[in-house]
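Here the structure is laid out as C-alpha cells; the discussion comes afterwards.
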Amino acid sequence: MKKKELDFFRVTLKKQLEHLARKSEGSIGVLLDATVASADPLDRAALESERELTVHMMERDKKLMVKIKKALQKIDDRTYGVCEECDEDIDIARLKLRPVTELCIKCKKQQERVEKLTCDQD
Ligand SMILES: [Zn+2]
C-alpha cells in the first residue's frame, strides 16, 4: 500500500479511536448515574435497562477499539491492508468502508460460509 493511503487510514482510524474513547467516557457517566438508587421501581427498571444497554455498547466499542489499535499497529508495521488468510491485498474500497477489516472479501465470504455451515449443523 502507498504511503499516502496508509496515512489516510492512520488518520481515519485515529479519529475513530478518539471518538470511541470520548463515547466511553460519556458511557461511564451514564453508568455512574444509573447506580444512584431510585425509590420508584419504574425508574429503577428504566435505569437498569439503560445501564444494560450502555454496558452492551461499551463492550462492543471496546472490541472495536482493540481492532482499531491492532490496525494502527499494522500501519506502523507496513502490513496493513493485507489479508490475514491469503496474504493478498485487501481492496481499498473495502478498507474505506471498514478500515479494521483483516480479511479480503474472498476470505470473508469463505469464513461466513464456514460459520453458516457450522451453525446449520447444530
Ligand atoms: Zn484473503
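Each value in this text was obtained by applying a stated rule to the coordinates, not by laboratory testing. Worth saying up front: this structure is predicted, and the values here are computed from it rather than measured.
Expressed as an acute angle from 0 to 90° and rounded to the nearest 10, what is the orientation of the C-alpha long axis of helix 3-34 relative to the principal long axis of the chain?
That works out to roughly 10 degrees.
In terms of modelled amide H atoms, which long-range or inter-chain residues lie less than 5 Å from the amide H of Val82?
The list, which skips near neighbours in sequence, is Ile90.
Per Stokes-Einstein, at 4 °C and 1.567 mPa s, what whole-number D in µm² s⁻¹ belongs to the chain, with the Kirkwood radius over Cα pairs as the hydrodynamic radius?
Value of D from the Cα-based Kirkwood radius: 76 µm²/s.
Given an 8 Å cut-off on Cα distances and at least 6 residues of separation, report the relative contact order of the chain as a percent.
Reported relative contact order: 25 percent.
May I ask you to evaluate 6.51 cos²θ - 1.76 cosθ + 1.60, the Karplus curve with θ = phi - 60°, for each residue of the range 88-93 and list the ³J(HN,Hα) values in order in whole Hz, giving x for glycine and proline?
Along the range 88-93, the couplings run 7, 5, 7, 4, 4, 4 Hz.
Taking θ as phi - 60°, what are the ³J(HN,Hα) couplings along the range 56-67 by the Karplus curve (6.51, -1.76, 1.60), each to the nearest whole Hz, with x for Gly and Pro?
4, 5, 5, 5, 5, 5, 4, 4, 5, 4, 4, 5
Using θ = phi - 60° and the Karplus relation 6.51 cos²θ - 1.76 cosθ + 1.60, list the HN-Hα couplings for the range 106-113 in order, rounded to whole Hz, with x at every Gly or Pro.
5, 5, 4, 5, 4, 4, 5, 4
Cross-link partners among aspartates and glutamates for Lys108, C-alpha distance below 17 Å, same-chain residues fewer than 8 apart left out?
Straight-line reach from Lys108, under 17 Å: Glu84, Glu85, Asp87, Glu88, Asp89, Asp91.
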